[in-house]
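Below you'll find the structure, written out as structure tokens, and then a few comments.
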Amino acid sequence: MKHHMVSGGGGIQLHVAETGNSSGRPIVFIHGFSQCWLTWIRQMHSALADSYRLVAIDMRGHGLSDKPREGYADSQLWADDLRAVIQALDLDQSVLCGWSYGPLMILDYLRHYGEDSIAAVNIIGGVTKLGSDDAASVLTDEFLNLIPGFFSVDAEESVRSLDSLLGLCFAKALSPEERYLMLGYNVSVPPYVRQALFSRSFDNDDLLPRLRKPVLITHGTDDAVVKPAVIDRQMGRMNSAKIRMLATGHACFWDDAPAYNRCLQEFVEDL
């Protein structure tokens with residue numbers, strides 16, 4: 001496993017992990033809210049690494065990336081972060097995979113820099129808008145009820161909410177080792193970052209119909225965070241997206257990693 005530090009939007013340092021076939025097509029993984037690159041360990045340590053160059057980013061404010069007080073509301077900065085990683089690591093014609101909050105960063109990039117430098121997009125249990133009743137309507141009540149705790153500076157309340165989030169994300173019980181590792185990198189994201197991420201208000205209704213590169217939507221049938229209805233209410237604006245429903249929870253790439261990895265490999269092979 002290689003680790004890089006890349007100068008992103010506004011000069012912040014972004015941590016990026018890399019493994020796999022250095023000559024293969026790049027696949028770039030972008031984690032969700034309050035997570036880190038380790039989210040993708042069941043992809044990074046899979047047979048995908050035999051054929052593809054696998055890259056996982058710690059978003060600004062997360063993991064080993066810088067955690068500035070400001071800079072989370074600006075779509076341009078998010079776009080600049082992803083562009084910086086693509087350019088610094090020479091990831092031309094990559095497949096961009098975003099989980100949950102991650103697709104928002106991908107869409108920020110596509111809005112500002114277009115599709116020419118990428119090959120395709122995979123949206124995994126994701127959303128395309130924030131900050132409106134319409135955006136909230138595809139999030140489950142169980143998830144929405146946890147949000148005040150995400151913002152709390154009280155350690156007990158914050159940890160309790162983040163631990164409950166893990167319970168919602170995974171349909172299959174985590175081992176104690178997995179749960180405490182994940183809780184650790186969730187807690188490492190400061191409350192001001194978590195609040196800033198949910199303070200954004202925007203949609204991509206104008207952008208989605210203009211996308212021309214292939215899009216794969218993978219979603220769990222038992223997703224307890226983002227309702228499957230998101231596919232019709234938000235993703236339906238994309239003209240030719242492929243949809244694969246997996247018998248999993250919110251984290252289909254973890255709950256049934258072999259099935260997700262096969263879906264992704266088939267999608268990439270067809271490009």
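The values are calculated or read from the model by the stated rules, or taken from the named source; none is laboratory data. Fair warning: this is a prediction, and the values are worked out from it, not measured in the lab. Quick reminder, even Gly has a Cβ in these numbers, built from the backbone with ideal geometry, and neighbours come from all protein chains shown. Accessible surface areas use protein heavy atoms only, side chains included; no ligands, DNA or RNA. Shrake-Rupley method; radii C 1.70, N 1.55, O 1.52, S 1.80 Å.
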Single condition TYR180 does not satisfy, out of (1) crowded, with 16+ Cβ neighbours inside 10 Å; (2) without any contact (Cβ under 8 Å) to a residue 12 or more places away in the chain: (1)
Answer from VAL153, VAL159, VAL127 - the residue that is at pLDDT 95 or above and either outside any loop (DSSP other than H, G, I, E, B) or under 24 Å from ASN21 (Cβ atoms) (or both): VAL159
Residue within the range 230-243 that is free of Cβ contacts under 8 Å to residues at least 24 places away in the same chain, under 22 Å from HIS31 (Cβ atoms) and either open to solvent by less than 20 Å² (accessible area, probe 1.4 Å) or not acidic (Asp, Glu) (or both) present: yes
Among the residues listed as ASP223, ASP163, ASP206, ASP256, the single one being of a type outside the set (Gly, Ala, Ser) and surrounded by fewer than 15 Cβ atoms within 10 Å (Cβ to Cβ): ASP206
From the options GLY24, GLY11, residue that is small (Gly, Ala, Ser), open to solvent by 10 Å² or more (accessible area, probe 1.4 Å), under 15 Å from LEU82 (Cα atoms) and without any contact (Cβ under 8 Å) to a residue 40 or more places away in the chain: GLY11
Contacts under 6 angstrom Cβ, first residue in the range 58-75 being without any contact (Cβ under 8 Å) to a residue 60 or more places away in the chain and farther than 10 Å from TYR192 by Cα, partner part of a loop (DSSP other than H, G, I, E, B) and open to solvent by 60 Å² or more (accessible area, probe 1.4 Å), 6 or more apart: ASP58/LEU64
Filtered residues of the range 206-261 (kept if more than 17 Å from the chain's Cα centre (by Cα) and part of a helix (DSSP H, G or I)): LEU208, PRO209, ARG210, ASP232, ARG233, GLY236, ARG237, PRO258, ALA259
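One line per residue, one yes/no per condition, for (1) open to solvent by less than 10 Å² (accessible area, probe 1.4 Å); (2) of a type in the set (A, V, I, L, M, F, W, C); (3) farther than 18 Å from ARG210 by Cβ:
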{"position": "ALA84", "(1), (2), (3)": "no, yes, yes"}
{"position": "GLN87", "(1), (2), (3)": "no, no, yes"}
{"position": "GLN93", "(1), (2), (3)": "no, no, yes"}
{"position": "LEU104", "(1), (2), (3)": "yes, yes, no"}
Qualifying positions in the range 22-51 - in a loop (DSSP other than H, G, I, E, B), farther than 30 Å from GLY149 by Cα and out of contact with any helix residue (DSSP H, G or I) (no Cβ under 6 Å at 6 or more places or on another chain): SER22, SER23, ARG25, HIS45, ALA47
Filter result for the condition that a residue is among the aliphatic types (A, V, I, L, M), without any contact (Cβ under 8 Å) to a residue 40 or more places away in the chain and either in contact with a Leu (Cβ under 9 Å, 6 or more places away or on another chain) or part of a helix (DSSP H, G or I) (or both), over LEU54, LEU110, LEU96: LEU54
Complete set of residues in the range 27-71 that are in contact with a strand residue (DSSP E or B) (Cβ under 6 Å, 6 or more places away or on another chain), among the charged types (D, E, K, R) and open to solvent by less than 40 Å² (accessible area, probe 1.4 Å): ARG53, ASP58
Which listed residue, of SER188, SER199, is under 19 Å from VAL127 (Cα atoms), of a type in the set (Gly, Ala, Ser) and open to solvent by 40 Å² or more (accessible area, probe 1.4 Å): SER199
